Amino acid sequence: MSRLVLPLVFFVAILGAIVLSDKPLPRADLSISNGNDVTTLDLQRMSWMHDLRLARVVFEGLVANDVFDPDYAIIPAVAERWEVSDDGREYRFFLRKDAKWSNGEPVTADDFLFSWRRAILPDTAADYYTFFEYIDGVAEFFAWRTEALEAFAQRAVDMDARERATQARDLWAETEARFAEMVDIEAVNDHELTIRLRRPIPFFLDLCAFPTFYPVYPPLVSQYDRVDPVTGRVIAEGGWTRPPQIVSNGPYE
């Protein structure tokens, strides 16, 4: 009998020790059943539904879809209002002056410009890059950058390391200038963003409500970007997406 009782007593003692030493986490302010672990919180890299779902509660775009409306109507978000030209091709968004990043800095039109360029660059093109091709000049810029990178790779074979690094930086400076020249997205000022489309797109506001169009915080994200001296491409590291580094602009930090 003792041979049966002793293991049972030992098991109960271990179980009691585990229960008594357990320190449960404090109750969460918000619990979400997301189905899977997060793959990435990089808005321009994500494509899985569980990532996109989380992006909608951590970040905020120009506009949003009203989830309580059966028609999923477009409602203001970072943009408090917008205007559409008579020909349906130009959109002018006016950003809320109280829109803030989680570190207290204001959300600006340049933040959207920086973020959309990340999605458009062939170096780091988003899975949903084609959504941006409705914007005037995007397809042409993408083609130019692709050809420029191919040409750089061919030239770089005959360069030493220092020359490659210099040429790669020069190519990036030219790329920034070409983007501003070719792509019809303009940060008029801190709180005004204009976009010119190739043709009228009746669902463009719905695209703006999609997480790939949300902004990231440029001062942080740019710290994790580097120009590869071998290929000339921008390499985007994901360290900024991890706590405590991450900076977001949604209702939950």
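Laboratory data are not the source of any read-out in this text; all were calculated from the coordinates shown. Everything numeric in this text was worked out from a predicted model, so none of it was measured. Using ideal geometry, Cβ is built from the backbone for each residue, glycine included, and neighbour counts are taken over all protein chains shown.
Let me spell out the model: positive unit charges on the Cβ of Lys and Arg, negative unit charges on the Cβ of Asp and Glu, origin at the Cα centre of the chain. What dipole size does that give, in debye rounded to 20? Let's see the in-between values first.
Numbers: 26 positive and 41 negative charges, 230 e Å.
The calculation lands at about 1100 debye.
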**Message:** With every atom except the alpha carbons ignored, what do you get for Rg and Dmax of the chain, in angstroms?
**Reply:** 24.1, 91
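For the chain, what is the calculated [θ] at 222 nm in deg cm²/dmol (nearest 500), taking -39500 (n - 2.57) for each run of four or more DSSP H residues and dividing by its residue count?
Details: 7 runs with 92 residues, N = 253.
Result for the chain: -11500 deg cm²/dmol, rounded to the nearest 500.
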**Complete:** For residue 192, other-chain or 5+-apart residues with amide H closer than 5 Å (H placed, Pro excluded) are 95, 109
**Complete:** Expected vector for segment 124-131, Karplus 3J(HN,Hα) from phi with 6.51, -1.76, 1.60 and θ = phi - 60°, integer Hz, x for Gly and Pro, equals 10, 3, 5, 4, 9, 3, 4, 4
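What's the longest bit of the chain with no exposed chymotrypsin sites (Phe, Trp or Tyr not before Pro), using DSSP loop states and at most 16 other Cβ atoms within 10 Å as the test?
On the way: sites that count: 48, 68, 72, 203, 252.
Formally, the longest exposed-site-free interval is 73-202.
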**Request:** Collect residues whose amide H, placed 1.01 Å from N in the peptide plane, falls under 5 Å from the amide H of residue 64; neighbours closer than 5 in sequence don't count.
**Result:** 75, 77
